[in-house]
Amino acid sequence: MRLVFLCFCCCVAALAIEPGTLPATWITGGPNCLEVPDWHIHEYNPTFYILRESGCTHYEKPFLYLILGHDRALLVDTGAGASDAATVVQKLLKKKGSLPLVVMHSHLHGDHTAGDKGFEGLIQSKTGEVDLGERIVDVIPIPGHQAAHVAYYDRTTGILLTGDHLYPGRLYVADFAAYEASTRKLVEFTETRPVTHILGCHIEQSSTPYEDYPVGTRYQPKEHVLELGRAHLLELLAGLEAMHGKAVRMKFRDFTIWPK
């Protein structure tokens, strides 16, 4: 009887998730930069937007996330290099009713904070959860790649934003013990919550298994898809645990553990 009840609760939770769509491919950075927009803006659904900065602007090609609630909007990260994310985001928000904006970061590396100046007075640092008005986004500290790194879980869509902790590419580990503990924390967090997609801030992996694009690549015509799943999170934890506390570079099909 208890098992039936638990299954029923899981089904109800799954039904409450707002669906969305992801593109088959993303604009990267070429081959002709004169024909490439500075930003690829994708509407996952009417209240969740993904912005990708062009490789013609900066080779890191980071992804930014804009989440709209009833009372305010949340932007995660501000871009790399000469990022004009403030102009792009404000134009987008005007079309959605000019919601007040809160800006936060996945972590403090320069390719995620370069556009901060355009958001002066809007940048906040919170832990626990962010209430956007009839929409809660959980904030989960996950140091290891960088000391101030956090993940975001959007309860409305079931999307987990993992920044540079997990994405299809080179997972740079600065503090191995902290990184492993943070990965375990994410595994435990997602045990009781639906996860539709895990979305990071970069794509460095090729669509060919075990192959990535070299650092500095601006044009990636055959890149991996952005979205990962909880199985990748479990695979990452298993790989870290197999190292028994001694960090080594290890390639997987969709990412590489890369100690600094």
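Observations on the model:
- The chain: most fluctuating residue of Thr156, Thr21, Thr196 per GNM, C-alpha cutoff 10 Å: Thr21
- At R0 = 30 Å, FRET efficiency that the Cβ-Cβ distance of Arg72 and Ala147 yields, to 0.05: 0.65
- Of interest is the spacing of the C-alpha centroids, which for segment 20-37 and segment 205-260 amounts to 22 Å.
- Summing charges over neighbours of Ile123, with a neighbour being any other residue whose Cβ is under 13 Å away from its Cβ, gives -1 when K and R count +1 and D and E count -1.
- Summarising the strand pairing of the chain, around 70 percent of its internal DSSP beta bridges are antiparallel.
- Here r is the Cβ-Cβ distance between Lys126 and Thr21 and R0 is 41 Å; the resulting FRET efficiency, rounded to 0.05, is 0.90.
- Contact order normalised by residue count of the chain, Cα under 8 Å, 6+ apart, percent: 15 percent
- Ranking Gln124, Leu92, Pro168 by how far each Cα lies toward the positive end of the dipole of segment 36-259 (charges on Cβ) leaves Leu92 at the top.
- Note on segment 36-259: lysine pairs with Cα distance below 30 Å, sequence gap of 8 or more or different chains, count 22.
- In segment 118-199, the ratio of gyration radius to Kirkwood radius, Rg to Rh, stands at 0.98 when only Cα atoms are counted.
- Dipole orientation for the chain: of the candidates Thr192, Pro141, Ala177, Thr192 has the Cα lying most toward the positive pole (charges on Cβ; Lys, Arg +1; Asp, Glu -1).
- Subtracting the Cα-Cα distance of Glu188 and Ser207 from their residue separation scaled by 0.36 nm leaves 3.9 nm.
- Estimated FRET transfer efficiency when R0 is 30 angstrom, pair Lys260-Glu134 (beta carbons, to 0.05): 0.15
- Net dipole in debye of the chain [+1 Lys, Arg Cβ; -1 Asp, Glu Cβ; about Cα centre; nearest 20]: 180 debye
- Phi angles across segment 20-25 convert, under the Karplus curve 6.51 cos²θ - 1.76 cosθ + 1.60 with θ = phi - 60°, into 3J(HN,Hα) values of x, 10, 10, x, 5, 9 Hz, Gly and Pro given as x.
- Dividing the summed helix terms, -39500 (n - 2.57) for each DSSP H run of n ≥ 4, by the number of residues in the chain produces a 222 nm estimate of -6500 deg cm²/dmol to the nearest 500.
- Val102 long-range amide H proximity, modeled H, under 5 Å: Ala73, Leu74, Leu75
- Cα-derived Rg over Rh, computed across segment 36-259 with Rh taken as Kirkwood radius: 0.95
None of the figures in this text is laboratory data; all of them are computed from the coordinates on show. This structure is a prediction, so every number in the text was calculated from the model and none was measured. Neighbour counts are summed over all protein chains in view; Cβ atoms, including those assigned to glycine, are modelled from backbone coordinates with ideal geometry.
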